[in-house]
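Heads up: the structure comes next, in structure tokens.
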Amino acid sequence: MVSLPRSLRVLTYFIVMLIINAGLLQAQTKRRAVIEEYTGAWCQYCPSGAVAFDQLSNNYTEEEVIMCAVHNGDGMALSNDADFAQFRNGFPSGAINRAQFGVSPGAWAGAVAGIIAQDASVDVMLKNIVFNSSTRRVTFDLEARFLKDVTGEVRVNVMVIEDSVVGSG
């Protein structure tokens, strides 16, 4: 049996939970909230984002809210950090479902409660998930079942979240 790195095990768990959740909730699929916290090791005010995440994780499950930290200007920053500039207005701040931008950590809980109280418009399932450890490439098929009429543009974003990232300011 091949032992996978912790970050890949967490990713696999997330994908499996997404598939299970999508399959089990056929009747009424509830929306999930995704919070991208914009932070940096250099930021003296950013621990308030971590505190808000801790409070959210005590009140909501991973099936209700997905939380990730997007670092800026430190050893954990992404190479495409400029792509996130349009979603933040300072540090710490957050984007919620890429619909609400520059939201302060103190307002995240209220936004989450409003989102997860709604029924989803689309039920999403991932199938044929394959991870190639030599290329570190994940491939899958995405199936979307529309639960109500949707107008306008429809976009799909896939985010791979790695935990236990270590870096320095």
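Residue 76: crowded, with 16+ Cβ neighbours inside 10 Å, at pLDDT below 90 and not acidic (Asp, Glu), yes or no? Considered against the rule, which asks whether it is crowded, with 16+ Cβ neighbours inside 10 Å, at pLDDT below 90 and not acidic (Asp, Glu), residue 76 comes out as yes. Looking across the stretch 73-99, the residues that are of a type in the set (S, T, N, Q), more than 16 Å from residue 48 (Cα to Cα) and touching a strand residue (DSSP E or B) at 6+ places or on another chain (Cβ under 8 Å) come down to 86, 97.
Filtering the stretch 46-72 to residues that are open to solvent by 40 Å² or more (accessible area, probe 1.4 Å) and either under 15 Å from residue 34 (Cβ atoms) or out of contact with any helix residue (DSSP H, G or I) (no Cβ under 8 Å at 6 or more places or on another chain) (or both) leaves 47, 50, 54, 57, 58, 60, 61, 62, 63, 64, 67, 69.
Out of all the residues in the stretch 70-97, which are small (Gly, Ala, Ser) and touching a Pro at 6+ places or on another chain (Cβ under 9 Å)? The answer is 93, 94. Within the stretch 97-126, the only residue that satisfies the criterion of being polar (S, T, N, Q) and in a strand (DSSP E or B) is 100.
Which of the residues spanning the stretch 47-84 are part of a loop (DSSP other than H, G, I, E, B), of a type in the set (D, E, K, R) and under 19 Å from residue 164 (Cβ atoms)?
62, 74, listed by residue number.
Could you check residue 94 against (1) of a type in the set (Gly, Ala, Ser); (2) part of a helix (DSSP H, G or I); (3) touching a residue at least 40 places away in the same chain (Cβ under 8 Å) and say which number it fails? For residue 94, the exception is condition (2).
Taken over the stretch 118-130, the criterion of being open to solvent by 70 Å² or more (accessible area, probe 1.4 Å) and in contact with a Lys or Arg (Cβ under 8 Å, 6 or more places away or on another chain) is satisfied by 118 alone. A single member of 135, 139 is in a loop (DSSP other than H, G, I, E, B) and β-branched (Val, Ile, Thr), and it is 135.
The values are calculated or read from the model by the stated rules, or taken from the named source; none is laboratory data. For clarity, every value in this text was computed on a predicted model and none was experimentally measured. Here the Cβ is made from the backbone with ideal geometry for all residues, glycine too, and neighbour counts use every protein chain on show. Just the protein is used for accessible areas: all its heavy atoms, side chains included, with ligands, DNA and RNA removed. Shrake-Rupley method; radii C 1.70, N 1.55, O 1.52, S 1.80 Å.
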